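Every number here is computed from the coordinates shown, using simple stated rules; none is lab data. Since the model is a prediction, treat every value here as computed from it, not as a measurement. Positions of Cβ are generated from backbone atoms using ideal geometry, with glycine treated the same way; all protein chains shown enter the neighbour counts.
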Ligand SMILES: O=C(O)CCC(=O)C(=O)O
Ligand SMILES: [Fe+2]
């Protein structure tokens, strides 16, 4: 099991660097623009298990949230339950499982790096009354020591930075503390670093 997870993580890390290169190029940035940020990376694989729930309309597997990482790559079984919020269609859109397909989600760090050219989607996971569900996300995290801020190539007088720089490790520990203690702390969402227009 341990070896399988390590192998899965290593393969998805490699895929994440490739995707990051392509997404960076899509913004006109050098493909390796952000590679240095992963020197002490905190990437991880999580195994999610959602048991069947007798009242799925009264419970959620994971409530609405944005992932705090750079990218998330999710493998899911055939039960279904992942949903993404899409304001243009006015609600929650199911991400139907496709055999052999991975779901790729842009996280908050890339939203900031791209100065809002990419959006980190709000998503949640519902539960099912009949079937259990497993999902296996890989979270591609930068190092704790980096400062996250919009890429200088994407910032100009006409298009100023939309976020103040923030230290990733400090922000991530604030956020984790809040998630476990439900404490009210500042600096746990990228919104807290937004520069108002
Ligand atoms: O179970 C899923 O499909 C997604 C889980 C998720 O959003 C997360 O672990 O951050
Ligand atoms: Fe998530």
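In plain terms, the residue of 26, 43 with the fewest other Cβ atoms within 10 Å comes first and the most crowded comes last, giving 26, 43. Rounded to the nearest 500, the helix-only mean residue ellipticity at 222 nm of the chain stands at -7500 deg cm²/dmol, with each DSSP H run of n ≥ 4 adding -39,500 (n - 2.57). With respect to the chain, whose longest principal axis is taken over its alpha-carbon atoms, helix 2-26 is tilted by about 40°. Ordered by the number of other Cβ atoms lying within 10 Å of each residue's own Cβ, fewest first, 37, 69 fall into the sequence 37, 69.
With neighbours defined as other Cβ atoms within 10 Å of a residue's Cβ, the residues 122, 146 order from fewest to most as 122, 146.
Take the Cα pairs of the chain, get the Kirkwood Rh, then feed it into Stokes-Einstein at 4 °C and 1.567 mPa s and tell me D in µm²/s. Estimated via Stokes-Einstein, D reaches 72 µm²/s.
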